[in-house]
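Engineer: The structure that follows is given in the form of structure tokens.
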Amino acid sequence: MTKLNCWEIKKCGRETDGARINELGVCPVAKEERLDGMHDGKYAGRACWPVAGTFCGGVVQGTFAAKVKNCLECECYRQVVSEEGLNFQTSKEIMDSLHNRVFHVGLPILIKTGRQEESLSYLTGWKVNEYLITQLPYINGLPFGKGRYGLKYIKDGDAYIFDSDLVAVQSFPLPLAFFRYPLSVDKISLRKHRRYVTRLESTLTAADGEDCSINALTVDLGEGGCRLKVSDRAAHQIRPDRVFKLSFSFLDKCFKDIDCTVKKTGITEKFCFSGLEFQDLSADCKHSLLSVIEIMERLQMPEAPFS
């Protein structure tokens, strides 16, 4: 199959032997042979979106971060994204040197608004010093809009935290969000053990003798602790340093009255998120918990972002 290049679709006349090269010069895309072969579809000729200086919309364009709005409206770009689906890539360098990057495609990223609402998304691409692309995050059924957000992710047991501007979104053919590439990233060593994303119905009961039973959702779980999501109505009961007993099930494993201490809490409009540290696990309980963690690792369940 012959793959179409952008100049064959746009008819800009800026290919190496184009009709308008004396007037406008040769498009830099026409010189970028290294961008051949990034994709497989009919429209997947030489990739044009990573290249600055293309002639689109009647004017010379800047970098992808600067011209992303025009790219989202371009039939070439939209056709490639539609054909490639989740295999869509933004630059050749991404495909050639993923193992050298801090980021990787599929990396879970927690995106937080100024109102402390948060949504879990996943990295789909990036270009160093220009942009990050994630799945479009939603909150309360609505997509995030342009603005400033806090982003967090975990890699090799460390948390990475940075702020970034959401500069563009697309809903078709794939829902994506485009963030400015961070100028700096703060690294925080945070946990002795990895945590994995879960959705486990759980119960908290007070260990101090008070009549207190709270329905919760365990949203991440690890060898040393977990993170719970509870209704904001119960937030006043989950105080830092308070001791609870936690009960939940995972597949055929039932965990009853695990002693745990509240380490931190955060409250959004409707929910309270609390980090708990397990205390004095019995040998049997620890063995069962480690077997659950092993299953999560084998299933390649996503690692929980730091919060």
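Engineer: Check Ser231, Ser247, Ser213 and return the single one that is touching an Asp or Glu at 6+ places or on another chain (Cβ under 8 Å) and small (Gly, Ala, Ser).
Structural biologist: It is Ser247.
A quick yes/no check of all residues on (1) surrounded by fewer than 20 Cβ atoms within 10 Å (Cβ to Cβ); (2) at pLDDT 80 or above; (3) within 18 Å of Val81 (Cβ to Cβ):
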| position | (1), (2), (3) |
| --- | --- |
| Asn22 | yes, yes, no |
| Arg46 | no, no, yes |
| Gly53 | yes, no, no |
| Cys56 | no, no, yes |
| Gly62 | yes, no, no |
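Engineer: What are the residues in segment 130-160 that are surrounded by fewer than 17 Cβ atoms within 10 Å (Cβ to Cβ) and either within 10 Å of the chain's Cα centre (by Cα) or under 16 Å from Leu183 (Cα atoms) (or both), if any?
Structural biologist: Of everything in segment 130-160, those that are surrounded by fewer than 17 Cβ atoms within 10 Å (Cβ to Cβ) and either within 10 Å of the chain's Cα centre (by Cα) or under 16 Å from Leu183 (Cα atoms) (or both) turn out to be Arg148, Gly150.
Engineer: Which condition breaks for Leu174 when tested against (1) in a strand (DSSP E or B); (2) within 30 Å of Val80 (Cα to Cα)?
Structural biologist: (1)
Engineer: To continue, here is another question. What pairs can you find where one residue is in segment 226-249 and free of Cβ contacts under 8 Å to residues at least 40 places away in the same chain and within 17 Å of Ala207 (Cα to Cα), the other is assigned to a strand (DSSP E or B) and among the polar types (S, T, N, Q), and their Cβ atoms are less than 8 Å apart, with a gap of 6+ or different chains?
Structural biologist: Partner pairs satisfying both residue conditions: Ala235/Thr265; Ile238/Thr265; Ile238/Ser274; Arg239/Thr265; Pro240/Thr265; Asp241/Thr261; Arg242/Thr261; Val243/Thr261.
Engineer: Looking at segment 161-179 only, could you name the residues that are more than 14 Å from the chain's Cα centre (by Cα) and either under 18 Å from Asn129 (Cβ atoms) or basic (Lys, Arg) (or both)?
Structural biologist: If the condition is that a residue be more than 14 Å from the chain's Cα centre (by Cα) and either under 18 Å from Asn129 (Cβ atoms) or basic (Lys, Arg) (or both), then Asp165, Val167, Ala168 are the ones that fit.
Engineer: Is there a residue being of a type in the set (Ser, Thr, Tyr) and at pLDDT 80 or above anywhere in segment 151-161?
Structural biologist: yes
Engineer: Could you list, in sequence order, the residues of segment 172-222 that are buried (at least 17 other Cβ atoms within 10 Å of the Cβ), aromatic (Phe, Trp, Tyr) and in contact (Cβ under 8 Å) with a residue 60 or more places away in the chain?
Structural biologist: Listed by number, the residues that qualify are Phe178, Tyr196.
Engineer: Whether any residue in segment 235-251 is charged (D, E, K, R), surrounded by fewer than 18 Cβ atoms within 10 Å (Cβ to Cβ) and either under 19 Å from Leu289 (Cα atoms) or touching a Phe, Trp or Tyr at 6+ places or on another chain (Cβ under 6 Å) (or both) is what I want to check.
Structural biologist: The answer is yes; a qualifying residue exists.
Engineer: For the subset of segment 72-110 comprising residues that are farther than 30 Å from Met301 by Cα and touching a strand residue (DSSP E or B) at 6+ places or on another chain (Cβ under 8 Å), which member is modelled with the highest pLDDT?
Structural biologist: Cys74
The values are calculated or read from the model by the stated rules, or taken from the named source; none is laboratory data. Computed from a prediction, not measured in an experiment: that's the story for all the values here. Please note: Cβ atoms are built from the backbone with ideal geometry, for glycine as well, and neighbour counts cover all protein chains shown.
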